[in-house]
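Working notes, beginning with the structure itself.
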2 protein chains.
Amino acid sequence: MATIDDVARAAGVSASTVSYVLSGKRKISGPTRSRVEQAIAELGYRPHAGARALASSRTNVIALMAPLRVGVDVHVIMQFVAGVVTRARDFDHDVLLLTQDDLGGLDRVTSGSMVDALVMMDVEAVDPRVPLLASQRQPAVLIGLPQDPAGLSCVDLDFEAAGRLAVRHLFAAGHRDIALVGSPPQVLDRHTSYAERLLRGFRTQAEASGMSAVVEPCEPTPAGAYRAVDTLLEQAPQTTALVVHNESALPHVLSRLSRHGRRIPDDLAVVAVCPTDVALAQAVPMTSIDLPAEAIGRLAIDMVMARLAGDQPAETRLLAPVLTERASSRVTAP
Amino acid sequence: MATIDDVARAAGVSASTVSYVLSGKRKISGPTRSRVEQAIAELGYRPHAGARALASSRTNVIALMAPLRVGVDVHVIMQFVAGVVTRARDFDHDVLLLTQDDLGGLDRVTSGSMVDALVMMDVEAVDPRVPLLASQRQPAVLIGLPQDPAGLSCVDLDFEAAGRLAVRHLFAAGHRDIALVGSPPQVLDRHTSYAERLLRGFRTQAEASGMSAVVEPCEPTPAGAYRAVDTLLEQAPQTTALVVHNESALPHVLSRLSRHGRRIPDDLAVVAVCPTDVALAQAVPMTSIDLPAEAIGRLAIDMVMARLAGDQPAETRLLAPVLTERASSRVTAP
DNA sequence: CGGCTCCGTCGAAGCGTTTCAACAAGGTAG
DNA sequence: CTACCTTGTTGAAACGCTTCGACGGAGCCG
């Protein structure tokens, strides 16, 4: 491998000049610059990442901690990750992937100076990783909203507003008896913050609008979805609209409803909270509140970079929910 | 941050001794070792990854190139990734995530000495990345099977055998008219190697067994699945069994069949090729040939490590398919 | 024409490890 | 008692880059 000295020699300059051409931190004259650039091209030179990290205390790598256990919301996770990785590349950074359960990984990549910053997905309301993260010198951005951000930046969809929005939409369409098919019980038990926030928004808005609202947690399996639907139709048969916040259960909820002879949207309107592509991949195109996972991932990187660049303080950004009406809640005949 | 010199001072030894304690490359006496270990613990010392990489030309990082575009086979991808990351940790390595389309990324991480080796997913029959990879000095393992591995290691499910196995299973159950609901046309067009291999196995075994076999590519959308099913039932109404190799379309294929009044397995037997958890997440538990993505990911790391450790030559490993019978192809009444 | 400023380039000092050759100290053999 | 291994430890030289202070030369002003 060619080193910076090889390049310097080939270009007839000193190593530091090559470094400055590469970093742009000092002005280099046109002719010199092009000699250096040519030498770089000819030798196929790439700076050694380790050497660079050692000298500059910058690795140009971001750690991303993602929940890789399969099960819930694979699409959402993939889109987050895609957003993070591609946006990081825009800033000339790479992404080191950590699994959610690798608690030690935080300290490892951080104290070992492997990364410049961290992005952590799927933060729970009370999350042991948050204090850990807060004590590191690298900046971090949380995707999600813990009870106490401990001085870290956060970004997420405003799930509480999403819950309210879904309810308002159904209210406007004339519904007065609604239900929420929600996250799996164990997700709620973990106090995953998004599940609770959506639930809160759903409840408060329904109450404010004087609607009757029931809530049914739902396992992300066919059987779980069937059970939830069956329970719902039995205990609240007057229900005319559903909010579904459970990506994996969604198709099974729909098929169970159709098995019960409930037509969508004629007998029952449905609003889903999920990525747009999931909403469109259902038997009936779903009215949905988009979970803009890729955009959030990108935004997380923007926030990380802002903190790396300057003296930005930590900030929390909640994205306003957007509802797109599709066939599943369209008012069909007047 | 504490450095190795701090530790050395605290333990009353030289820096090299600390290094040797850490690496175990030389014998260190018991007392010395424990003094050093205690100093490390007290100072919370972590070696600086960059410095280490510079001095040893080893980063303990593996690059993983994964297709992050959402669409096909999200589950499969996630499981691969999970397998790779967790297994890499067993070898004290971390994973740097590259996107499929980041062609330049190969050269960047490789020439920049950011990683010790690479794992590349979703390799196509003729893949521009393969020659690129082959020209780097870091070892690489491909998940998939290109026409010309160019001296790289490969690992994958033996899709051709899987195709044959599915057909043999159906033959044994008495079926003589079968069909394959396959990958999306654009996947076949890309000559994604697994799609073609499964197809080949399916065709040759059907021919060998004297069965009539039709093939229908299928978009990974509800509409695509409906279209495929409709076409199939119209053009080959005598079909009594289906092989489905298309994770995203699977639920829609099933629901369309039921819409057409075909009951599973009584009117139509179905064998799916997909991860077990996907097979179990359908309305009817599917007889399936498992796509052991996580295991393949782990295996890829084992192979990478073998090559890093020694002088193992490149090898190709195809995993034998395993079929698990479930409700969707069970012979119900005699 | 002397003194200043500004511009572009350079030399050298780190950055924190690993690793090799060398070296004391103690043990064994002759 | 000397010569020679062994064993455990050390010092110093890389590894390849960034960055700071310095420096020579050109241009400007008075």
> How big is the convex hull of the Cα atoms of region B:183-334, per residue, in Å³?
Replying inline: 136
>> Suppose you put the label 7 Å out from Cα in the Cβ direction; list, shortest first and in nm with one decimal, how far A:V322 is from each other copy's label.
In response: 4.6
> Given label points at 7 Å from Cα along Cα→Cβ, what nm distances, shortest first, separate A:A134 from the same residue in every other copy?
Replying inline: 5.4
> Taking the Cβ of B:R197 as the center, what net charge do the other residues with Cβ under 14 Å away carry, scoring Lys and Arg +1 and Asp and Glu -1?
Replying inline: -2
>> Could you work out the percent of alpha carbon pairs in chain B separated by over 38 Å, rounded to a whole number?
In response: 31
> Rg(Cα) of the protein assembly as shown divided by 2.2 N^0.38 Å?
Replying inline: 1.07
>> I need the inter-copy label distances for A:D90: point set 7 Å along Cα to C-beta, values in nm with one decimal, smallest first.
In response: 3.9
> Rounded to the nearest 20 Debye, what is the dipole magnitude of chain B about its Cα centre when Lys and Arg each give +1 and Asp and Glu each give -1 at the C-beta?
Replying inline: 840
> Say the dipole of the protein assembly as shown comes from +1 at the beta carbon of Lys and Arg and -1 at that of Asp and Glu; which of B:A66, B:Y20, B:F80 then lies farthest toward its positive end?
Replying inline: B:Y20
> For region A:261-321, what is the convex hull volume of the alpha-carbon atoms per residue, in Å³?
Replying inline: 72
>> Could you compute the net charge surrounding B:V123? Neighbours are other residues with a C-beta less than 13 Å from the C-beta of B:V123; K and R count +1, D and E count -1.
In response: -3
>> Give me the percent of accessible area attributable to carbon and sulfur for the protein assembly as shown, probe 1.4 angstrom.
In response: 51
>> From the protein chains alone at 1.4 Å, what is the descending order of accessible area for A:D101, A:D148, largest first?
In response: A:D101, A:D148
> Rg and Dmax of region A:77-178 over Cα atoms: what are they, in angstrom?
Replying inline: 17.3, 58
> Accessible area per residue, 1.4 Å probe, Å², for region A:234-334: what's the number?
Replying inline: 44
> Rounded to the nearest 20 Debye, what is the dipole magnitude of region A:4-47 about its Cα centre when Lys and Arg each give +1 and Asp and Glu each give -1 at the C-beta?
Replying inline: 260
> Based on DSSP H runs of at least 4 residues, each adding -39500 (n - 2.57), what is the mean residue ellipticity at 222 nm of chain B after dividing by all its residues, to the nearest 500 deg cm²/dmol?
Replying inline: -13500 deg cm²/dmol
>> Please list log₁₀ I(q)/I(0) at q = 0.10, 0.18 Å⁻¹ for region A:1-157, using the Debye equation with identical point scatterers on the alpha-carbon positions.
In response: -0.49, -1.01
>> Tell me the relative contact order for chain A as a rounded percent, counting alpha carbon contacts under 8 Å between residues six or more apart.
In response: 18
> Any idea what % of Cα-Cα pairs in region A:4-47 are farther than 15 Å?
Replying inline: 26
> About its Cα centre, how strong a charge dipole does region A:188-334 have in debye, to the nearest 20, once Lys and Arg get +1 and Asp and Glu get -1 at the Cβ?
Replying inline: 180
>> Projecting each Cα onto the charge dipole of the protein assembly as shown (Lys/Arg +1, Asp/Glu -1 at the beta carbon, about the Cα centre), which of B:V7, B:V214, B:Y194 comes out farthest on the positive side?
In response: B:V7
> So what is the accessible area of region A:25-77 per residue, in Å², with the probe set to 1.4 Å?
Replying inline: 53
> So what's the net charge close to A:P139: Lys and Arg +1, Asp and Glu -1, counting the other residues with Cβ under 9 Å from its Cβ?
Replying inline: +1
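The values are calculated or read from the model by the stated rules, or taken from the named source; none is laboratory data. Values in this document were obtained by computation on a predicted structure and should not be read as measured data. Cβ: placed from backbone, ideal geometry, glycine included. Neighbour counts: every protein chain shown. Ligands, DNA and RNA are excluded from the accessible area calculation, which covers all protein heavy atoms including side chains. Shrake-Rupley method; radii C 1.70, N 1.55, O 1.52, S 1.80 Å.
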